[in-house]
Amino acid sequence: MKLKGIHHVTAITSSAEKIYQFFTNILSLRLVKKTVNQDDINTYHLFFADDLGSPGTDMTFFDFKGIGKASHGNDQITRTSFRVPNDEALVYWLKRFKQYQVKNSGIETLFKRKLINFEDFDGQLYALISDQNNRGVSSGIPWKNGPVPDEFAITGLGPIFLTVSNFTRLKVSLEEVFFMKYQGQEDNHHLFEMGAGGNGGSVILTTSDLTRGTQGYGGIHHVAFRVADREALDYWLERLNSLNLINSGFIDRFYFASLYTRVYPNILFELATDGPGFIDDEESYETLGETLALPPKLRQYRSEIEKVVKPLDTKRSNMVFKKEYL
């Protein structure tokens, strides 16, 4: 019943169109589902992942109308990272970021793994992390039809970064609520692992004396951790209730089942099942992400939803992306 690793990260963008272009054309991640926020049908919910939409590989975005820009600071989920196969891939990505004018830090090292910090047009914070010295949670597979050569491509999510003012408080929650294991410290960074560990099962806490950050576009909404199935999710629901931790209860998102909780102020955690997945009765493998897909509970409102969300052309099955060797 233990947590298996990172499931997905959900963030907020100022533009569904721009984030689609950024993730598709620059990061070479596949849009595997174009749907709406199930709690706010005025808002897109875009899922970018590996070739199959595997759990542990997807970053998702809301485009809430009228929301202001996020401020980066304390007590928030700060940065999302993506896994690439090895250190050589990072050299490729430096060239790619230069070509597409993506602001980045150059290659750095943290916990004996090389990485590149970078950001998008909103100031959303990301990192690419090398799997060269990594063991643990397995990753996904590159998007076969994307522009980045497979040997350099992103394969899934890496460690999630949080910045906190009260390290001890969140450390206790990660260890005693979620059964994560503390692996050590490097400067003001603290590494925790879940499941088989490694890049796909890591949380990195950074301590600082910054003011509290605020949510908005360019910031992260929540992070989800993987559980195997409904039985495991029910276990966690019972556990959270037994600890008197406020939670959402069971929620059926159709593509997966989940529950939400806050074990630390201002930070939202989700637990989500590995299945059923994104290949469903509306879209086949070949056409993932090309239509406005809706879970069954929203399909009766399709005409209304199509009137309130801005049209977004995501058809790619008729396109060929040339592999970009730089």
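Assorted remarks:
- Of the residues screened, Phe152 is one that is closer than 18 Å to Glu108 by Cα, of a type outside the set (Asp, Glu) and touching a helix residue (DSSP H, G or I) at 6+ places or on another chain (Cβ under 7 Å).
- Residues that are charged (D, E, K, R), more than 16 Å from the chain's Cα centre (by Cα) and under 18 Å from Val308 (Cβ atoms), drawn from the range 7-49: Glu17, Asp39, Asp40
- The range 1-57: number of residues that are assigned to a strand (DSSP E or B), hydroxyl-bearing (Ser, Thr, Tyr) and either buried (at least 21 other Cβ atoms within 10 Å of the Cβ) or out of contact with any strand residue (DSSP E or B) (no Cβ under 8 Å at 6 or more places or on another chain) (or both): 3
- Residue list for the range 58-106, filter: among the β-branched types (Val, Ile, Thr) and either assigned to a strand (DSSP E or B) or closer than 25 Å to Ala224 by Cβ (or both): Thr60, Ile67, Ile77, Thr78, Thr80, Val84
- Flag if Tyr301 is surrounded by fewer than 15 Cβ atoms within 10 Å (Cβ to Cβ), under 25 Å from Tyr126 (Cβ atoms) and over 21 Å from the mean Cα position of the chain (by Cα): no
- Residue within the range 246-257 that is over 18 Å from the mean Cα position of the chain (by Cα), farther than 22 Å from Phe48 by Cβ, at pLDDT 95 or above and assigned to a strand (DSSP E or B) present: yes
- Residue list for the range 106-120, restricted to those being touching a residue at least 12 places away in the same chain (Cβ under 8 Å), at negative phi and surrounded by fewer than 16 Cβ atoms within 10 Å (Cβ to Cβ): none
- Boolean, Ser202 is modelled with pLDDT under 95 and over 30 Å from Phe321 (Cβ atoms): no
- Filtered by the rule that a residue be loosely packed, with under 12 Cβ neighbours inside 10 Å and not in a loop (DSSP other than H, G, I, E, B), the range 307-323 gives a lone residue, Lys307.
The values are calculated or read from the model by the stated rules, or taken from the named source; none is laboratory data. Here the structure is a predicted model, which is why all the values come from computation and not from measurement. For neighbour counting, all protein chains shown are included, and Cβ atoms are generated from backbone atoms with ideal geometry for every residue, glycine included.
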